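Here's the structure, in structure tokens; my notes come after.
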Amino acid sequence: MAFGKIDLNDAVVSPFFVLASGVSVGLFDLTLFGLDFADPLFRLGSGTTLDFSFAALVAILAVGIAYLTNGPELDNLGLVETWTVAITVLLVLGQPFVPLLDSILQSSPVVGLVALVIQAGGFYTLSYLG
């Protein structure tokens with residue numbers, strides 16, 4: 001927990017966050033040991049369903065770990081940092097639970113790449129300022 005640097009735990013968790021976020025926005029596929037990270041862990045509803053994937057779980061856990069292990073003072077964040085962190089949390093938490101947001105993020109590689117860059121920026125902001 002040091003202000004102004006990336007801790008070891010953040011350095012270990014960050015590649016998992018970026019991989020999970022990339023899979024969540026549809027930029028690439030990742031299958032390890034027969035487990036496709038984009039496949040839903042569970043599905044709620046019929047017709048329009050809520051799919052919660054392993055990638056979403058990993059991304060949510062990584063942001064939670066970055067926040068809990070760094071404990072950044074959110075009052076000390078500047079305007080850009082505040083919005084980056086807020087949008088990251090919205091994208092990471094919203095995508096599994098808002099099908100329209102999920103459809104928008106997976107609609108084109110450009111949209112997915114922009115979302116991934118914003119999410120990575122938010123993650124590293126939490127890590128660096130903690």
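Could you look through the range 3-52, keep only residues that are among the acidic types (Asp, Glu), closer than 17 Å to residue 102 by Cα and without any contact (Cβ under 8 Å) to a residue 24 or more places away in the chain, and pick out the one that is surrounded by the most Cβ atoms within 10 Å (Cβ to Cβ)? First the steps, then the outcome.
Of the range 3-52, the ones among the acidic types (Asp, Glu) are 7, 10, 29, 36, 39, 51.
Narrowing the set further to residues that are closer than 17 Å to residue 102 by Cα leaves 29, 39, 51.
Filter once more, so that each one left must be without any contact (Cβ under 8 Å) to a residue 24 or more places away in the chain: 29, 39.
Working: 29: 10, 39: 12.
Among them, the one singled out is 39.
Please go through the range 18-42 and give me each residue that is farther than 22 Å from residue 111 by Cβ and aliphatic (A, V, I, L, M), ordered by number.
First, the residues of the range 18-42 that are farther than 22 Å from residue 111 by Cβ: 31-35, 41-42.
Across the range 18-42, the qualifying residues are 32, 35, 41.
Could you count how many residues in the range 19-64 are on the phi > 0 side of the Ramachandran plot and touching a Lys or Arg at 6+ places or on another chain (Cβ under 8 Å)? Spell out the reasoning first.
First, pick out the residues of the range 19-64 that are on the phi > 0 side of the Ramachandran plot: 26, 33-34, 45, 47.
Next, from what is left, pick out any that are touching a Lys or Arg at 6+ places or on another chain (Cβ under 8 Å): none.
Qualifying residue count, the range 19-64: 0.
Listed here are the residues, each with its yes/no results for (1) farther than 27 Å from residue 104 by Cβ; (2) modelled with pLDDT of 80 or more.
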| site | (1), (2) |
| --- | --- |
| 4 | yes, no |
| 16 | no, yes |
| 44 | no, no |
| 53 | no, yes |
| 56 | no, yes |
| 62 | no, yes |
| 69 | yes, yes |
| 79 | no, yes |
| 83 | no, yes |
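May I ask you to say which residue of 102, 10, 29, 51 is touching a helix residue (DSSP H, G or I) at 6+ places or on another chain (Cβ under 8 Å) and part of a strand (DSSP E or B)?
Values: 102 fails: part of a strand (DSSP E or B); 10 fails: part of a strand (DSSP E or B); 29 fails: part of a strand (DSSP E or B).
Testing whether each residue is touching a helix residue (DSSP H, G or I) at 6+ places or on another chain (Cβ under 8 Å) and part of a strand (DSSP E or B) leaves just 51.
The values are calculated or read from the model by the stated rules, or taken from the named source; none is laboratory data. Treat the numbers as computed from the prediction; the structure is a model and nothing was measured. All Cβ positions, glycine included, derive from the backbone under ideal geometry; neighbour counts span all protein chains shown.
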